[in-house]
Number of protein chains: 2
Amino acid sequence: MKCRQCGRTAVMHMRPYRLSLCEKHYDGWFVDQTKRTIRTYDMFGHSDRILVAVSGGKDSLSLWDVLLRLGYQVDGLYIDLGIDRGERYSARSREFVERFAASRPGTTLRIADLNADYGETLQEVARHTRRARGKPCALCGLIKRHAMNRVALDEAYTVLATGHNLDDEATALFGNVLHWQTGYLARQAPVLPADSAGLARKVKPLCRRYERETAAYAILAGIEYIIDECPFAAHASSLRYKDLLNRLETDSPGALLQFYGKFLKQREDGLFEAQAVELHKCSHCGQPTSAPDLCAFCRLWPDNE
Amino acid sequence: MKCRQCGRTAVMHMRPYRLSLCEKHYDGWFVDQTKRTIRTYDMFGHSDRILVAVSGGKDSLSLWDVLLRLGYQVDGLYIDLGIDRGERYSARSREFVERFAASRPGTTLRIADLNADYGETLQEVARHTRRARGKPCALCGLIKRHAMNRVALDEAYTVLATGHNLDDEATALFGNVLHWQTGYLARQAPVLPADSAGLARKVKPLCRRYERETAAYAILAGIEYIIDECPFAAHASSLRYKDLLNRLETDSPGALLQFYGKFLKQREDGLFEAQAVELHKCSHCGQPTSAPDLCAFCRLWPDNE
């Protein structure tokens, strides 16, 4: 197939939009689409100080790269959870992030190291936490959200950006719908406004890009990234849901975009409004929580109770 | 595995409830569960006159059978759409229904024959209807709902029952959620109350029974039923959705029951209330419609316009 822009051999065929593009025009298209999403959802402007949470994977490194290319004030945050399992997962991910940052002067890589800051790795915390029942996955998101909020607050970033792609968002949506978790549905959005406690606005500029699109961008832009999934994720239900949704997308190209897009429309129209939860400040760390006193993160540490 | 009730060899193993039962106790369990669903949702009582819409398949014939065994005043309605396609699908389905009815004195089989009543088969109507774009499936539900309502009204039935099972309901729910059709979600329920126009209450007493449970009941009760799917359904997206949901159920027994059950809970709590549509009477047939004048069924016939 030929590139729609220049007629040269296309490298990327996107069935949902019936669009084929060559290497050069795909790159431009991806940057342009990201810019469009940022504008559509009024995510941030050039006066904002943006912190991108980077895992070392294709999505977050591509996002960091695109935001730099678009001239935003953007730094990266790597959260080191000390995941090892004989594969040095966290250490290897961090190396990809550090190499990326080292080759881009004018941007700063910040590190939040769970073991250095709190004296325990993710696995160690999971071992003594009832909530986790020995499973680190139950704590991963909680700890990462807390670290992002903390660094954004301490370093005066106005926007926190994550690299969630469309497949991630559709998978989360599918899981939330399967269990009708209306509180989560109420908070699943491309933009969560800043909290009155002074916490940064949260945005997902790649939320409308398919996973294969971010992978293609990273590869064509020469970004080296960690391909392995987290060793703990192997049996996660999210991977099973993703697999089901991929079948759906294969049968009916554009299905995920429609599922997510129509959800956002209903959400904007107030479908889950009544489900939104009142938040207030954690008495220990000051971050927003729906719990009456200590937030879920601060309750992880026995000394706080 | 052994029957939980009597210790004899079990014929039916139900992973969602971790329950195994022998032939005799499965039969009793199925009838009991149906009774329980009827009570839980306050579907009808022994003074009601119930009309079961029967297709000749396992679900609707099992429902008719169970309602007779429970001592309800219940008749059947077969809607003959004249589907042929060289396989005599409607004619063969009708034969199964007629054989069932003939062997059960004290119950009446009513027939609504589209071709006899309106001069055209489903395929013929589809051919001249813009709405169908040549596809009969777009009209099937519409025509069947209209016929059920008409017969119930003409013959003074107070309740219309259909054999929708849990897999049907979960599949419809999945399709409605994928496209965020909130109007349909608002009306997807085990009971739709009677309309002020005098139309019958609609109920689905098998909505909490897995498809394999109704199939097992029909087989063990010696009910002969048509196994083939409608020849038009082969490429229906509902079959693809059912396949996806079956994978989900296999990976996680009870997933469909939870998906549907939690939806009903949210629906009862008013999640989709704002989406409910105001209905009024069709100016031609008097059935409820959201259209301003003629209902969608009456608009199928050029003479009415």
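Any chance you could count how many residues in region A:18-46 are more than 19 Å from A:Ser62 (Cβ to Cβ) and either hydroxyl-bearing (Ser, Thr, Tyr) or assigned to a helix (DSSP H, G or I) (or both)?
The total comes to 1.
Can you pull out the residues in region A:1-36 that are touching a helix residue (DSSP H, G or I) at 6+ places or on another chain (Cβ under 8 Å) and surrounded by fewer than 13 Cβ atoms within 10 Å (Cβ to Cβ)?
Across region A:1-36, the qualifying residue is only A:Cys6.
Checking the condition away from every other protein chain (no Cβ under 11 Å), modelled with pLDDT of 95 or more and in a loop (DSSP other than H, G, I, E, B), which residue from A:Leu206, A:Leu257 passes?
Answer to the check: A:Leu206.
Of everything in region A:272-292, what is out of contact with any strand residue (DSSP E or B) (no Cβ under 9 Å at 6 or more places or on another chain), surrounded by 15 or more Cβ atoms within 10 Å (Cβ to Cβ) and either assigned to a helix (DSSP H, G or I) or in contact (Cβ under 8 Å) with a residue 60 or more places away in the chain (or both)? Give them in sequence order.
A:Phe272, A:Gln275, A:Cys285, A:Gly286 - these are the residues of region A:272-292 that are out of contact with any strand residue (DSSP E or B) (no Cβ under 9 Å at 6 or more places or on another chain), surrounded by 15 or more Cβ atoms within 10 Å (Cβ to Cβ) and either assigned to a helix (DSSP H, G or I) or in contact (Cβ under 8 Å) with a residue 60 or more places away in the chain (or both).
Those residues that are charged (D, E, K, R) and in contact (Cβ under 8 Å) with a residue 40 or more places away in the chain, I need them from region A:29-43; list them, please.
A:Asp42
Give me the pairs: first residue in region A:232-258 and in contact (Cβ under 8 Å) with a residue 24 or more places away in the chain and within 14 Å of B:Leu178 (Cβ to Cβ), second residue charged (D, E, K, R) and surrounded by 15 or more Cβ atoms within 10 Å (Cβ to Cβ), beta-carbon distance under 6 Å, and six or more apart or on different chains, which are they?
A:Leu256/A:Glu249
Select from region A:110-126 the residues that are among the aliphatic types (A, V, I, L, M) and touching a Leu at 6+ places or on another chain (Cβ under 8 Å) and write down the one among them that is surrounded by the most Cβ atoms within 10 Å (Cβ to Cβ).
A:Leu122
Would you check which residues across region A:219-254 are more than 14 Å from every other protein chain (Cβ to nearest Cβ) and among the acidic types (Asp, Glu) and list them?
A:Glu224, A:Asp228, A:Glu229
Take the residues in region A:260-281 that are at pLDDT 95 or above and more than 8 Å from every other protein chain (Cβ to nearest Cβ); name whichever of them is farthest from A:Gln188 (Cα to Cα).
Among residues in region A:260-281 that are at pLDDT 95 or above and more than 8 Å from every other protein chain (Cβ to nearest Cβ), the one farthest from A:Gln188 (Cα to Cα) is A:Gly261.
Matching residues to (1) assigned to a helix (DSSP H, G or I); (2) within 14 Å of another protein chain (Cβ to nearest Cβ); (3) at positive phi:
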site	(1), (2), (3)
B:Ile143	yes, no, no
B:Asn149	yes, no, no
B:Leu153	yes, no, no
B:Ala156	no, no, yes
B:His164	no, no, no
B:Asp168	yes, no, no
B:Leu173	yes, yes, no
B:Val177	yes, yes, no
B:Ala194	no, no, no
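For region A:82-106, which positions are modelled with pLDDT under 95 and outside any helix (DSSP H, G or I)?
Once the filter is applied, which keeps residues that are modelled with pLDDT under 95 and outside any helix (DSSP H, G or I), region A:82-106 yields A:Gly82, A:Ile83, A:Asp84, A:Arg85, A:Gly86, A:Glu87, A:Arg88, A:Pro105, A:Gly106.
The values are calculated or read from the model by the stated rules, or taken from the named source; none is laboratory data. Just so we're clear, the structure is a prediction, and the values are computed from it rather than from any experiment. Here Cβ is always computed from backbone atoms with ideal geometry, including for glycine, and neighbour counts include all displayed protein chains.
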